[in-house]
Every structure is written in structure tokens, then in C-alpha cells.
1. I'd like the accessible area for Lys135, computed on protein heavy atoms only with a 1.4 Å probe and all protein chains in place. Round to 10 Å², please.
2. Quote the accessible area belonging to Leu160 in square angstrom, nearest 10, computed with a 1.4 Å probe and with ligands, DNA and RNA left uncounted.
3. Would you list which lysines come within 24 Å of Lys51, measuring only between C-alpha atoms, while excluding same-chain residues fewer than 8 positions from it?
4. Using a 1.4 Å probe on the protein heavy atoms only, what accessible surface does Lys108 show? Give it in Å² to the nearest 10.
5. Could you work out the local net charge near Ile78, counting Lys and Arg as +1, Asp and Glu as -1, over the other residues with Cβ closer than 15 Å to its Cβ?
6. Given a 1.4 Å probe, how much area per residue of the range 113-195 is accessible, in Å²?
7. Please give me the summed charge of the neighbours of Tyr48: other residues whose Cβ is under 12 Å from its Cβ, Lys and Arg +1, Asp and Glu -1.
8. Under a 1.4 angstrom probe, counting protein chains only, how are Leu36, Leu137 ranked by accessible area, largest first?
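The values are calculated or read from the model by the stated rules, or taken from the named source; none is laboratory data. Fair warning: this is a prediction, and the values are worked out from it, not measured in the lab. When we count neighbours, we look across all protein chains shown, and the Cβ atoms used for this are built from the backbone with ideal geometry, even at glycine. Heavy atoms of the whole protein, side chains included, go into the accessibility calculation; ligands, DNA and RNA do not. Shrake-Rupley method; radii C 1.70, N 1.55, O 1.52, S 1.80 Å.
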Amino acid sequence: IRRPPRSTPLYSSAASDVYKRQEEQQEPEATEPEDLIFVKIVGVDNVYSVKADALIYPNNQILQIDDDELNQRSYSRIQDELDKISLPVALGTVFQTGNGGDHKGGIKAKKIYHAIVATQSRLVNETAIIKSVVKSLTQADADGCETVVMLPMDCGTFDLHATAYTQLNAIYKFLETVNSQNLKNIFIITTKNDKVTLDIFNEKFDRIFGEE
């Protein structure tokens, strides 16, 4: 994928944007000025405790949440919403749910977009990552979201290097092709102690978004 030229202004509405990542691993914060979209890899204490307008969560064709913590912190209300959808769903699609309710210890993101990237047997599909990431970001922008956090799309069997490269390319594609009206921050988050994932995503980030 073509890297944006060093001299291109950083406008969210331009077709050839430039993107920036801060070096520190820290909690996501709002950015200024308003016409920028920041993409950043962030290590956090807990991915479900990060405040955001939306969380993009990788899911499978039978919409089965495999993360026990997500179910526990939402009192299984998110899974209950998903159980109402006819199965199996198509790869590359996106389904929106609530966050399980506003209660102590709950999910801090206001809503969840479930990106369908894996089959029933948890085989992650590269094309599905691209389609669902672009669709999720497009929907989030249309819904008025300013800050979106997403998990690595590695919810099954797929090489992590390939997952990172494909996911970041999908974000790049969104920023190049969609005239975003609301998004200001896109953060890929994982836990601080997941050094392997952080290193791989940062290395792919530099290859895709880095200045020449």
C-alpha cells in the first residue's frame, strides 16, 4: 500500500492523509486540532476499562463471545443481544450491540461493533478483516463516534503478523477512501503485558503509516 507523502497536510477529509503515532504506551487521550485523525497502538491495563465511543470487537460467524471477562463484566447481556440474530452470519459483516449496561465494573466503551472475522471453527479470514474493519469504522463515523478503540483481530487461527498487517492496512484504506466527518481517534488496544502483540503491531504500523 502506498505511504502518504511527507509533505501532505493531515486533514481527515483528504484522500491522501498523513497519520501520526505517539511513541509512549499510554491511555488514549483526545487530540487537537479537530481536523486530525490519529491512529495509535496503545498498551492499557484492561481493554474493557478504556473509555471510548465504541469498541470494535473481533467475533465469529456464530456470534459466540469467547472472552469470559467480556461476558462477566456485561452480565452476559451482550451475548443475549447477539443470540437474537439468525445464524450463521456472513464473514466481513458487522453487528452492533450495547455495552451491557452502565454499572460498576462494566464495559467503558458506549457501544460495541462486532467485526465478523472468523468462521465457526475460529479460522480468521484475511478478506473478512479488511471488510469488517472498514465497515465498522464507517459505521462508527456515521453514528457520530469521535474515539474508537479496537482489539487486534486475532480471535482465532491466523498468523499474528498477517493479522496486524491486514488490520492496519484496512484502517489505512478507510482513511484514504472514506470522507470521515466525526472520527478523531482510532486506537488499537491490548494489555500492557502483551509485549509480543504490541511489538508486532508497532512494527507493521511503522511499515504502513511511517514517513519515508
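1. Only protein atoms counted, so the area is about 100 Å².
2. Number for this one is 40 Å².
3. Filter leaves Lys20, Lys40, Lys104, Lys108, Lys110, Lys111, Lys135, Lys184, Lys192, Lys195.
4. Answer for Lys108: close to 90 Å² accessible.
5. Details: positive: Arg73, Arg77, Lys84, Lys108, Lys110, Lys111; negative: Asp66, Asp67, Asp68, Glu69, Asp80, Glu81, Asp83, Asp102.
Every neighbour counted, the sum reads -2.
6. Values: 3070 Å² over 83 residues.
Heavy-atom accessible area per residue stands at 37 Å².
7. Working: positive: Lys51, Arg73, Lys108; negative: Asp45, Asp67, Asp68, Glu69.
Result for the neighbourhood of Tyr48: -1.
8. Sorted descending by solvent-accessible area, the residues read Leu36, Leu137.
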